[in-house]
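All remarks here apply to the structure that follows.
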Amino acid sequence: MIKPPHSRSLRASFLSACAVILLASGLLTALSTRCFADDAPKPDPSGTATGDKTNAVDAAGNSFVVTEPTDKTAPDYAANKKAFDDYQAQVAKEPLAVKLADSVGHVRVATNFAWTLNTGYLVLFMQAGFALLTCGLVRKKNAAHLMMLNFAAYVFAFLAYYAVGYAFQFGAVAINAAPVNLGGTPTLNHFLIGSGQWGFVGGKGFFLVGPAYDSASNCLTLFEVVFMETAGYIIVGAVCERITFWAFLLCELFIGAILYPISGCWTWGGGWLSQVGSTLNLGHGYVDFAGSTVVHAVGGFCAMALAIILGPRLGKYGPGGKIRVFPAHNIVYVVSGTFILLFGWMGFNPGSTLGATDLRISVVAVNTNLAAVAGSAAAMLLWYWLFGKPDITMACNGMLAGLVAITAPCAFVSPTASVVIGLLAGIVVCFGVLFNERVLKIDDPCGAISVHGYCGWLGAVSVGIFADGVYGAGWNGVGATSYLGHAGQGVTGLIHGDTRQFLCQLMGATLYAAWAFGATYAVFWCVNKVKSMRVAPEVEEEGLDVPEFGMPGYPEDAVVPAGY
């Protein structure tokens, strides 16, 4: 039996990398603190001041508060000024009404806090689904290895996100995309790189101190960190059975600190890509409701780069490129994990409203389920037609493909469109797996690249095709009053008349794929040149459980040495 490696050089390299990250984080924290001027909005860590009359709105979103007009040249200035003066007079006469409005606004925000946190817990539970799914799909000798990778992904990616990732992603969210359902996060209002509508990286909230030590900000933190962790779990399915533990930890630190947060800022943190509707007249700007590309494509194409660098597992390709199939060792785990992921997705997509007061959540939930079952049906039947028998693992991957593809458009499309998107995803995932394995010769044990990468891209593009315009008026600051000649027109796709939104989605989705693959490949190609990220051949042959972690996943199957 091979003993677990104890390389001082590997430990030293890993610890040095961590030290560099911590040092850089300290400098960024100091910079963030300096940006927090005396006259800047103050955080509210207790939550007592979050939510007031400014958050009290009617069912149509009309505020209780009338804001004072400032543009005296506007044609409706006189009418707006009179409305403001009347409001101020009413407030002076009825202070109890104002107190009631403050209470209503606070309760509204509190309700949305509870919704957002609870749906975040659902997304966190998806980790169990990922662990069971990936573990079941690999060989028995690597079961403990898979479980350790899934567990460590949460631990280390979270620490990286806490240190710098959250600040990079949401450090300027108040500038263009404050989550008003949570009372807004006005303390996070500085870009580290860029400014205004051309921001690229957030610059406040490092280590969740100062401006990020705020109840609304922390509610957002909990919900968003589990999305980042999802991107971190995705790579497990593509790099398993051959990656060293130290290399995997570097991958997770990279995802949590750099890869995911920077590109996440572009769309969800008020960054430049969300603003191209205003700056470049491209629809409502880039739209990804719950993360087909921001989360899944980033994880999927990152996984693709890592799988290419690592190379295929030993014995995967024989003489003449003949493919050897490594069957899943536990189908029960695979199916159970898939259903746990489906359950968790009920937090992933509906929770992305960041508010129970947004009743579109019912449509989002139905759309999500319809796409999931349509994707599974398509994959199951297509595999049956191609190979004469349905494959339960591909049926499960089809369900996940449908879920990934509907994640971006779930709030903007009808149930019928959701079924179509799910069917397309089920087809894409099957041919994607075959294309990777037979043409590109990429060994992806769990099909993560096809499920999350290809279908994530499909999901974002689907927004630009199928969005019907009934939801999303004012999205990214576009069309609050009128768009495409219609009052209240929301995000609209190609078949409903908006070519610009389609072009924006096509551009943005492709950019995310290129960013995730290119950045990952550049960084880890260099890492792999310095020190191989792959385990020794004899370790791979034996199985990684004992050599990497000192413990078999199934002790009863282990060979007992003589004398024991």
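Here, each number is a calculation from the coordinates, and none is a lab measurement. From a predicted model like this one, the values you see are computed outputs, not experimental measurements. Positions of Cβ are backbone-derived with ideal geometry, glycine not excepted, and every protein chain shown enters the neighbour counts.
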- request: Calculate the dipole size of the chain relative to its Cα centre from +1 charges on Lys and Arg beta carbons and -1 charges on Asp and Glu beta carbons; express the result in debye to the nearest 20.
  value: 1120
query: Taking neighbour Cβ counts within 10 Å as the exposure measure, how do L403, L381 sort from fewest upward?
result: L381, L403
statement: Listing H329, H296, H145, H486 by rising number of other beta-carbon atoms within 10 angstrom, fewest first, gives H486, H329, H145, H296
statement: Log10 I(q)/I(0) at q = 0.10, 0.14 Å⁻¹ for the range 397-509, from Debye over equal alpha-carbon scatterers, is -0.32, -0.57
task: Collect residues whose amide H, placed 1.01 Å from N in the peptide plane, falls under 5 Å from the amide H of L192; neighbours closer than 5 in sequence don't count.
output: V201, G202, G203
query: If the viscosity is 0.692 mPa s and the temperature 37 °C, what Stokes-Einstein diffusion coefficient in µm²/s follows for the range 433-564 when Rh is the Kirkwood radius over Cα pairs?
result: 169
- request: Taking the chain as the reference, fit the longest principal axis to its C-alpha atoms, fit the long axis of helix 392-407 to the helix C-alpha atoms, and give the angle between the two in degrees, 0 to 90, nearest 10.
  value: 20
- prompt: Quick one: if you take sqrt(5λ) for each eigenvalue of the C-alpha gyration tensor of the chain, what semi-axes come out, biggest first, whole angstrom?
  reply: 44, 27, 20
- request: Would you mind working out the magnitude of the charge dipole of the range 365-491 relative to its Cα centre, with +1 at each Lys and Arg C-beta and -1 at each Asp and Glu C-beta, to the nearest 20 Debye?
  value: 80
field: the range 65-192: projected area of the alpha-carbon convex hull, averaged over directions, in nm²
entry: 12.6
field: Cα Rg over Rh - the range 297-343, Kirkwood
entry: 1.10
- line: Out of T185, V478, S274 - ranked by how far each Cα lies towards the positive end of the dipole of the chain, with unit charges on the beta-carbon of charged residues - the top one is S274
task: Give the peptides 73-83, 473-483, 95-105 in descending order of average Cβ contacts within 10 Å, highest first.
output: 473-483, 95-105, 73-83
- request: Return the whole-Å distance between the Cα centroid of the range 427-461 and the Cα centroid of the range 296-361.
  value: 10
task: Give me D for the range 137-251 in µm² s⁻¹, whole number, from Stokes-Einstein with Rh from the Kirkwood sum over alpha-carbon pairs, 25 °C and 0.890 mPa s.
output: 159
statement: The farthest towards the positive end of the charge dipole of the range 315-470, of the residues L440, A425, N397, given +1 on Cβ of Lys and Arg and -1 on Cβ of Asp and Glu, is L440
- prompt: Convex hull over the Cα atoms of the range 243-371, averaged projected area in nm²?
  reply: 12.0
- prompt: Starting at 0 and stepping by 10 Å, how many percent of the alpha carbon pairs of the range 195-291 end up in each bin?
  reply: 14, 37, 32, 15, 2
- request: Per DSSP H run of at least 4 residues, take -39500 (n - 2.57); add these up for the chain, divide by its residues and hand me the 222 nm value, nearest 500 deg cm²/dmol.
  value: -18500 deg cm²/dmol
query: Got a sec? How would V523, V236 order by Cβ neighbour count within 10 Å, fewest to most?
result: V523, V236
